[in-house]
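The values are calculated or read from the model by the stated rules, or taken from the named source; none is laboratory data. Not measured: the values here are computed from a predicted model. Here Cβ is always computed from backbone atoms with ideal geometry, including for glycine, and neighbour counts include all displayed protein chains.
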Amino acid sequence: MSVQQEFIDLFIPIATIEAKYPGGWRGFIQKYPEVYASGWHDWHLFRMGAMNPHQIDGLVNWWREQGFIPYRPTQGKPKRWVDLCVSSWGKPTLPCSWIAFDEQTGGAYLKGTEPGERIGPEQMPFIQPK
């Protein structure tokens, strides 16, 4: 599956939330149901969105406060997304090794998985990942 994009998007692999957030994916949903409800997801990626750069910066900072690493510089290269990935117009704003975009559907998906059907807000609430 792939995740529908709109405006400016922030993506986080659900496996990263599972590994880094206390209580994992379910712990995140239980503690922050309003944050969960503001986005949508497939089996692999959770997506939140913003209408302008100021809003997306706020989301990036919120995830940083939760213990996630948004980005880091690499030797002699520009910053790279690590735990999060922000995209605009169907492309990441910094290099991101784990995300791919399906030009045909306009969806984003975790590299190494099939893009398949696109999931957006109209499909939520979605079946929870296993």
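Computed values, structure above
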{"read-out": "Contacts under 8 angstrom Cβ, first residue in region 1-25 being over 12 Å from Val86 (Cα atoms) and at pLDDT below 95, partner surrounded by 19 or more Cβ atoms within 10 Å (Cβ to Cβ) and of a type in the set (Lys, Arg), 6 or more apart", "value": "Met1/Arg118; Ser2/Arg118; Val3/Arg47; Val3/Arg118; Gln4/Arg47; Gln4/Arg118"}
{"read-out": "Region 9-37, subset among the small types (Gly, Ala, Ser), over 12 Å from the mean Cα position of the chain (by Cα) and surrounded by 13 or more Cβ atoms within 10 Å (Cβ to Cβ), residue farthest from Gly90 (Cα to Cα)", "value": "Gly27"}
{"read-out": "Residues being modelled with pLDDT under 95, in a loop (DSSP other than H, G, I, E, B) and of a type outside the set (Gly, Ala, Ser) - total across region 71-91", "value": "2"}
{"read-out": "The lone exception for Leu94 - which of (1) in a strand (DSSP E or B); (2) in contact with a Lys or Arg (Cβ under 6 Å, 6 or more places away or on another chain) it fails", "value": "(1)"}
{"read-out": "Residues (surrounded by fewer than 17 Cβ atoms within 10 Å (Cβ to Cβ) and within 14 Å of Arg47 (Cα to Cα)) located in region 64-90", "value": "Ser88, Gly90"}
